[in-house]
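In what follows, a structure is listed as structure tokens, so that the remarks can point back to it.
All of the numbers you see were taken from the coordinates with simple rules; none came from a lab. Predicted model only: the values in this text are computed from it and were never measured. Cβ placement follows ideal geometry from the backbone for every residue including glycine, while neighbour counts extend to all protein chains displayed.
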Amino acid sequence: MRALSMEGNIAEALRAYDVLRRTLVDELGIAPSAASRELYEQLLAATG
């Protein structure tokens, strides 16, 4: 997500988070880390 956002590809970075989130929930039953969620929220704020 960080690399994609640094390239200016915020939409793809947000998609990467969604894939991460779904994979973690489906396969491990856990949520993304606080750091991942924080980066996601920063990316969302950048789009608004």
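All other residues with a Cβ under 13 Å from the Cβ of residue 2 taken together, and with Lys, Arg as +1 and Asp, Glu as -1, what is their net charge?
Values: positive: none; negative: 7, 12, 38.
Its environment carries a net charge of -3.
Which length gain, in nm to one decimal place, applies between residue 26 and residue 9 when the Cα-Cα distance is subtracted from 0.36 nm times their residue separation?
This chain segment gains 3.5 nm when fully extended.
When averaged across all projection directions, what area in nm² does the alpha-carbon convex hull of the chain cover? Could the numbers behind the result be given before it?
Details: hull surface 12.2 nm².
Averaging across all directions leaves 3.1 nm² for the Cα convex hull.
What ranking, highest mean first, results for peptides 24-36, 6-18 when packing means the other Cβ atoms within 10 Å averaged over each residue?
On the way: 24-36: 10.6, 6-18: 14.1.
Most protected by this proxy first, the peptides run 6-18, 24-36.
Relative to the longest principal axis of the Cα atoms of the chain, the long axis of helix 34-47 makes an angle of roughly 40 degrees.
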